[in-house]
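Below: the structure, in structure tokens.
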Amino acid sequence: MEPIKTLHSRTAVLPATNIDTDQIIPARFLTTTTREGLGRNLFADWRYDAQGTPRPDFVLNRPEAQGCRVLVAGRNLGCGSSREHAPWALLDYGFRAVISTEIADIFRSNSLKNGLLPVVVDESTNRWLIEHPGAEVTIDLDSAMLTLPTGARVQFPIEAFSRYCLLNGIDELGFLLGRMGEIEAYERRV
Amino acid sequence: MPRAPQTMFEKVWDRHLVTAETADTPAVLYVDLHLIHEVTSPQAFAVLRERGLPVRRTDLTLATMDHSTPTRTEQVFGGAPISIDSAAKQVRELETNCAAFGVELLGLRSAQRGIVHIIGPESGITQPGKTIVCGDSHTSTHGAVGALAFGIGTTEVGHVLATQCLLQRQARTFSINVSGRLRAGVTAKDLILAIIGKIGVGGGTGHVIEYRGETIRALDMDERMTVCNMSIEAGARAGMIAPDETTYAYLSGRQRAPKGADWEHALERWKQLPSDAGARFDKEIDIDATTLEPMITYGTNPGMVIPISGAIPVKKGDVVFEKALAYMGLEAGAAIKDQLVNVVFLGSCTNARLSDLRSAANLLRGHKVAKGVQMLVVPGSQQVKKEAEAEGLHTVFIEAGAEWRESGCSMCLGMNGDLVPKGQYSVSTSNRNFEGRQGVGARTLLASPLTAAACAVRGRVTDPRELMNG
Ligand code: SF4
């Protein structure tokens, strides 16, 4: 995995709360056996009409959303299914970070493991971001700091080990394999 | 010094620590049972291949196929091909991976196949005190026997295949204490829907729920599984219920449950599991079961739920709420009763066990599915199907005009082509009413098997108590 240090981007905004992983990537696209190519169907049922034509009013179809690497959403983003296809689809589309006041557990964990930064902020920061789509923000992983174009700096929580892995491009499986001695000792103990 | 009182979750957690968590690193948690299915495993096996790693403990790994499998008998047992090419490929890939890595697979034609969360408890491999994971969020179901069971992503599926362990931070604890008797016609499904309505779809985030109290103790195992199943719908990764005599009676004699002296030893261990008196939970709420009614959802997440005699709330100016109602084609302030129903789905890991089919069949007996309504009955496993047929339940469904299928996830998420047509109303015993969950533009109303059967008979949203005999 590529190390991540800082991210500078305009935001795309989806104000809906409780955006579930069935919206992020509908089940009919889960029959894939690879990780690639899911970005095309990200938010498919919001993004395209029945004929597969992009709906002009959907955020990601607007010209100003092109190239945005940060997605801002309402409370409880990523609830529902454990499908890792959700962060895969967001990453494949081009997003590198998601911001919300609350991010569902499994989605957050899946995102961290794939290099999609889950950034949890307070209500008023999120409200500001929702009201200012396209804002230029900076996310610095080392200091766990989100900087708004107003200059406001907002600290966000991130699990220490995940941050370490993301900053250094370390994969967690390697870490676990390095614990084989302890794992074998546990198996002998029980 | 005596040990501080512990919750059941803390006991199971502590007993599975390979290494404890520190400020810098999460705990390494050992996994006793890893369940696998076709949708969330291919990319994990690919990682093993890339790195030249074996499956570390094939004896603790069990695979089945359920999400993208067909439910039409001719496609399962006859020569008819699976209609969706990519689904067929996924099924073949699981077969190839299990064969290559030596993992036991309950394959398409196995008599033990079924929805992964139904066959775990049914076979007796789901046991109290175990840590159980699966690349599926409804793994919480297995917590009904007092296991710590939760869904993981595909990267983590790879971690468990390779090391039998996961990196985890310890969750917080949440006690939901339920007291009083459920009234006739009010089921475990109604209880869990009411709980989600109360705490919200994010109410359990970061927590493991323990369901406690006399109402929970009085539930049978199938009902307890329905409750734990939907923990994830409140945002909690796991739900647990302390094992008791009901649990032991259920597990005793099952194919993969311990036998003889092993059973006695297991029983001794299991009896230590319930939360100690005085154990502290991070969060606690009380629920009075006596006032509950049959519940039904009206919106696009399981927290948008009301008693069946109730009216859809009015939330002027709440755009998200109004968007949900627009999707559903329902009006704020309107009664849900008598709403038109086009499709009824009796199935899923929430409500497709034998007792679910029985309760729906009892209500349907002597009635017909209303004209114009499609009712699909999909047993949770091949064993449930067999047992239901032995009791003649299938004849009740077929004579009423419902379709009787082979087991699988089916219309719960529509991956296999069992879909609700656009714009139609589906009363479903499954767990998610998200937009498009049962098909593009499908409008899902979640309810109990009893309510679903009553809705099938009338072709309208109906309180099952109006049709219950005696
Ligand atoms: S029945 Fe539905 S919720 Fe359960 S495992 Fe299958 S798809 Fe998931």
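The values are calculated or read from the model by the stated rules, or taken from the named source; none is laboratory data. Being a predicted model, the structure only gives us computed values, none of them experimental. Glycine also receives a Cβ, built like all others from the backbone with ideal geometry; neighbour counts cover every protein chain displayed. Only protein heavy atoms, including side chains, enter the accessible area calculation; ligands, DNA and RNA are left aside. Shrake-Rupley method; radii C 1.70, N 1.55, O 1.52, S 1.80 Å.
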Distance in nm between label sites at residue B:269 and residue A:57, each 7 Å beyond Cα in the beta-carbon direction? 5.8 nm
Classify the stretch B:296-466 as rounded, prolate or oblate, taking a ≥ b ≥ c as the square roots of the eigenvalues of its Cα gyration tensor: rounded when a/c is under 1.5, otherwise prolate if a/b is larger than b/c and oblate if not. prolate
Determine ³J(HN,Hα), in whole Hz, for all residues of the stretch B:445-458 in sequence, where each value follows from phi through the Karplus function 6.51 cos²θ - 1.76 cosθ + 1.60 and θ = phi - 60°; x replaces Gly and Pro. 10, 7, 7, 7, x, 4, 5, 4, 5, 4, 5, 5, 5, 8
By the Cα gyration tensor axes a ≥ b ≥ c (a/c under 1.5 gives rounded; else a/b larger than b/c gives prolate, otherwise oblate), the shape of the stretch B:172-290 is prolate
At R0 = 45 Å the Cβ-Cβ FRET efficiency linking residue B:4 and residue B:53, nearest 0.05, sits at 0.70
Nearest-0.05 FRET efficiency for residue B:181 and residue B:23, computed from C-beta distance (R0 51 Å): 0.60
Label-point separation in nm, residue B:172 to residue B:214, each point 7 Å along Cα→Cβ: 3.0 nm
Around residue B:370 (Cβ within 11 Å, Cβ-to-Cβ, excluding residue B:370; K/R +1, D/E -1) the net charge comes to +4
Normalised by the number of residues in the stretch B:296-466, what is the relative contact order in percent for Cα pairs under 8 Å and 6+ residues apart? 29 percent
With a Förster radius of 56 Å, plug the Cβ-Cβ distance of residue B:84 and residue B:277 into 1/(1 + (r/R0)^6) and report the FRET value to the nearest 0.05. 0.60
Could you state how much accessible area residue B:183 has, in square angstrom rounded to the nearest 10, with a 1.4 Å probe and all protein chains kept in place? 100 Å²
I'd like the accessible area for residue B:92: 1.4 Å probe, protein heavy atoms, all chains in place, Å² to the nearest 10. 140 Å²
How about the stretch B:201-303: which trypsin sites (Lys or Arg not before Pro) there are in a DSSP loop, with at most 10 other Cβ atoms within 10 Å of their Cβ? none
Going by a 1.4 Å probe on protein heavy atoms, which residues of the stretch B:141-161 end up with at least 20 Å² less accessible surface in the whole assembly than in their chain alone? B:153, B:154, B:155, B:156, B:159
To the nearest whole percent, what portion of all C-alpha pairs in the protein assembly as shown is separated by more than 39 angstrom? 27 percent
In the A-B interface, the accessible area buried, summed over both sides, Å² (probe 1.4 Å): 4500 Å²
Mean-position separation - Cα centroids, the stretch A:45-80 and the stretch B:1-60, in angstrom: 35 Å
Can you give me the relative contact order of the stretch A:6-189 as a percent, contacts being Cα pairs under 8 Å and 6 or more apart? 24 percent
Would you list B:38, B:399 from the most to the least accessible area, probe 1.4 Å? B:399, B:38
Lysine pairs meeting the criterion (Cα under 25 Å, 8 or more apart or interchain), as found in the stretch B:296-466: 12
At most 10 other Cβ within 10 Å, DSSP loop - trypsin sites (Lys or Arg not before Pro), the stretch B:104-178: B:109
Given contacts defined as C-alpha pairs under 8 Å and at least six residues apart, what's the relative contact order of chain B, whole-number percent? 17 percent
Distance in nm between residue A:40 and residue A:168 label points, each 7 Å along Cα→Cβ, equals 3.8 nm
For the stretch A:6-189, shape from the Cα gyration tensor axes a ≥ b ≥ c, cut at a/c of 1.5 then a/b versus b/c, turns out oblate
Summed over the other residues with a beta carbon less than 12 angstrom from that of residue A:137, with K and R at +1 and D and E at -1, the charge totals +2
Sort A:1, B:8 by heavy-atom solvent-accessible area, probe 1.4 angstrom, most to least. A:1, B:8
Skip the ligands, DNA and RNA, and give the accessible area per residue of chain B with a 1.4 Å probe, whole Å². 34 Å²
